[in-house]
Ligand SMILES: Nc1ncnc2c1ncn2[C@@H]1O[C@H](COP(=O)(O)OP(=O)(O)OP(=O)(O)O)[C@@H](O)[C@H]1O
Ligand SMILES: [Mg+2]
């Protein structure tokens, strides 16, 4: 692991419960995430991992509990407000505009940062023109960083799946987030694509200092790159600690690690 310095708690999840009708998707979940950390969330299918991310970024409103981000506590906030506070995410099922080019998808991700009004933007005059130039420059930096220069103008739908996932990461990075939530960024990838994605996640964490919350089923990856791991099972937290602590936790082995993952 790098010699990076883990900071203060940036995200604090307290006593979160979430119900869908009769299903308790999450029950009294608490954990925190420290600045610059890579924090993994693991657990069997249906454990509540995606639901947890959806609570953090305002897609779902928890039935109980609160979330504190950089000292600001909220229980009801919509995804745009959460995004404006500096939390971005990628989705288990890609959320890209398939017919649009890579660069336009990244510009769409950047939209949150664009301040001038739509009328000036449409005319491309005055401050809007200058702003657009700056935003394009930033997006080009992300494209270089993710090594997707060759596909800048390619419609996303024509790219192989592994590259689409990389573009989705780029779309989230275009928001310049402080915290990046990644929902199974390596699912469905071959070994080489996984290695690339792992390297990009580590580089984002290292070079941009971005804090990362990562849902991942590949235990090799989780044990390799995360600083601390939360384990969920049937909506409950059954483990929380360093990869070594979690790996040796009896309950975690019984519920998850023993099942061939
Ligand atoms: N919108 C929804 N409406 C009803 N039930 C839901 C909804 N979203 C999730 N659930 C239920 O909540 C529970 C947790 O689901 P969730 O998708 O969070 O699990 P997960 O850990 O991400 O699973 P996977 O590894 O398969 O992605 C499951 O029982 C699921 O069926
Ligand atoms: Mg999920």
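Among the residues of the stretch 30-41, which ones are in contact (Cβ under 8 Å) with a residue 60 or more places away in the chain, away from ligand 1 (no atom under 11 Å from the Cβ) and part of a strand (DSSP E or B)?
30, 31, 33, 34, 38, 39, 40
I'd like to verify a number: residues in the stretch 42-60 that are touching a residue at least 60 places away in the same chain (Cβ under 8 Å) and closer than 22 Å to residue 227 by Cβ, how many?
Residues meeting the conditions: 10.
Here are the criteria: (1) assigned to a strand (DSSP E or B); (2) surrounded by fewer than 18 Cβ atoms within 10 Å (Cβ to Cβ); (3) within 16 Å of ligand 2 (Cβ to nearest atom). Tell me which single one residue 15 does not satisfy.
(3)
Among the listed residues 54, 45, which satisfies the condition of being crowded, with 20+ Cβ neighbours inside 10 Å and out of contact with any strand residue (DSSP E or B) (no Cβ under 7 Å at 6 or more places or on another chain)?
The unique qualifying residue is 54.
Inspect the stretch 157-178 for any residue being crowded, with 21+ Cβ neighbours inside 10 Å, within 16 Å of ligand 1 (Cβ to nearest atom) and not in a helix (DSSP H, G or I) and give the result as yes or no.
There is no residue in the stretch 157-178 that is crowded, with 21+ Cβ neighbours inside 10 Å, within 16 Å of ligand 1 (Cβ to nearest atom) and not in a helix (DSSP H, G or I).
Does residue 142 satisfy the condition of being surrounded by 21 or more Cβ atoms within 10 Å (Cβ to Cβ), within 21 Å of residue 108 (Cβ to Cβ) and more than 16 Å from ligand 2 (Cβ to nearest atom)?
Spelling it out, residue 142 is indeed surrounded by 21 or more Cβ atoms within 10 Å (Cβ to Cβ), within 21 Å of residue 108 (Cβ to Cβ) and more than 16 Å from ligand 2 (Cβ to nearest atom).
Tell me, which residue of the stretch 75-111 that is farther than 21 Å from residue 144 by Cα and assigned to a helix (DSSP H, G or I) is farthest from ligand 1 (Cβ to nearest atom)?
The qualifying residue farthest from ligand 1 (Cβ to nearest atom) is 84.
State yes or no: is residue 86 within 20 Å of the chain's Cα centre (by Cα), under 20 Å from residue 9 (Cβ atoms) and modelled with pLDDT of 90 or more?
For residue 86, the condition - within 20 Å of the chain's Cα centre (by Cα), under 20 Å from residue 9 (Cβ atoms) and modelled with pLDDT of 90 or more - is met.
Among (1) crowded, with 16+ Cβ neighbours inside 10 Å; (2) within 16 Å of ligand 2 (Cβ to nearest atom), which single condition is residue 188 missing?
Evaluating residue 188 over (1) crowded, with 16+ Cβ neighbours inside 10 Å; (2) within 16 Å of ligand 2 (Cβ to nearest atom) leaves (1) as the failure.
The values are calculated or read from the model by the stated rules, or taken from the named source; none is laboratory data. Computed from a prediction, not measured in an experiment: that's the story for all the values here. Ideal geometry is used to build each Cβ from the backbone, glycine not excepted, and the neighbour counts take in all protein chains shown.
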